[in-house]
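These notes are about the structure you will find just below.
The values are calculated or read from the model by the stated rules, or taken from the named source; none is laboratory data. Treat the numbers as computed from the prediction; the structure is a model and nothing was measured. For neighbour counting, all protein chains shown are included, and Cβ atoms are generated from backbone atoms with ideal geometry for every residue, glycine included. Note: areas computed on protein heavy atoms with side chains; ligands, DNA, RNA excluded. Shrake-Rupley method; radii C 1.70, N 1.55, O 1.52, S 1.80 Å.
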Amino acid sequence: MENELLELKLRAEKGAQTHFMGNISPELQNVFLKNIIAFEDSFSKTPFKSVFEILNKPVYPAESELNDHALEIAYKSLIKILDNRNIDIFYHGEYSLRTKYKFITEELFAEEIPCDDMLNVMRCCFNYEEFHPNHALDIEDKTISFIDDWMEHKLDNKHPDLAESFIFPNGKIMHKDEITIKIINFFKSFKEFKNCKYSIEEINFDLSPDTRMGFAEGFIKYTAVLYDNEEVQIEGPYKIYYSLDYGCWTIVYFVFPGFN
C-alpha cells in the first residue's frame, strides 16, 4: 500500500511514471521509490542553465553555412569546449559529422542542466539516441544479446529483455516464469552449445499506437553437446518478436531452432 502511495506521489508531483520489470521485491521497490523522491526534492532546488549558457555562449556558425572541411574544424572546436566543461556526448549508432554538429548546436545547446559545483568535478553525459531513438539498432542489440545468452545458457526469469508475458500465434498467453522454465529445461538437456554462427537478415518495427511491435529474423547454426559428448548440429531460421513498452523493447515471442 505504501508503494502505491509513493508512486501516486511521484506521478502527481513530478509527472513520473514508474514501472518495475522482473521479480523485484516490494521492500526493494520501496527503497527505490523513496530514494527517487529524495533525489527529486533535492534536484528541484538546484538552479538550471542551458548548455549554451554554461559554455559561456560560444560563437559558432550555422551548419548550413559550412562546407565539409569547415564543418570538421567547427565540430572539433565545439567538442573541445564541451570537454572543458565536463560535458560528453555518446552516439551508439553511426551518424555523419553534419548530423552531430546540428544536434549540438540546434538541440543540445538548448538543454537545461543543473548548474552547481558538481559540474566541475563530475561528467555530464548525453546520449544522442535518447533524443533520437534508433529502434532498429536497439532491436539488433537485443537480438545479439539474446543469442549470446542462449549460447551461454543465461536466460532465466530475471532476464531484463524477456517480457512478463509471452503471446503465442494462437492467442495463448504464457507468463515469463513458465517460458523460462521451458528454456532452462531445454538447456539442461545439453552440456554446452558451441560453434555458433548466425546472421540477422531483417529488422522491422511498427510504432503505430495500436501496434508498437517489431521483429528480427535470420539464420543460425550451432552445435549442442550432450552429456556423453555426442554433438548435435542445430540450424535453421529464427525470428524474435518484440513489443515496445515504456520506451524499451522486450521479447514477447520467439521461434528458435532446436526449441519447441
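A few remarks follow.
- Segment 1-33, residues that are of a type in the set (Asp, Glu) and modelled with pLDDT of 75 or more: 2, 4, 7, 27
- Filter result for the condition that a residue is touching a strand residue (DSSP E or B) at 6+ places or on another chain (Cβ under 7 Å), open to solvent by 60 Å² or more (accessible area, probe 1.4 Å) and of a type outside the set (Lys, Arg), over 175, 135: 175
- Test result for residue 113, more than 30 Å from residue 198 (Cβ to Cβ) and hydrophobic (A, V, I, L, M, F, W, C): yes
- Scanning segment 225-260 for residues that are of a type in the set (Phe, Trp, Tyr) and open to solvent by 40 Å² or more (accessible area, probe 1.4 Å) gives 227, 241, 246, 253.
- Of the numbered criteria (1) outside any loop (DSSP other than H, G, I, E, B); (2) at pLDDT 90 or above; (3) among the polar types (S, T, N, Q), the one residue 56 fails is (1).
- Matching entry among 247, 218 (being closer than 26 Å to residue 172 by Cβ and not hydrophobic (A, V, I, L, M, F, W, C)): 218
- Summed over segment 194-210, the residues that are touching a Ser or Thr at 6+ places or on another chain (Cβ under 7 Å) and either hydrophobic (A, V, I, L, M, F, W, C) or on the phi > 0 side of the Ramachandran plot (or both) give a count of 2.
- Among the residues of segment 219-260, those identified as part of a strand (DSSP E or B) and among the aliphatic types (A, V, I, L, M) are 220, 224, 225, 232, 234, 240, 244, 251, 252, 255.
- Looking across segment 163-218, the residues that are of a type in the set (D, E, K, R) and part of a strand (DSSP E or B) come down to 192, 194, 197, 201, 202, 206, 217.
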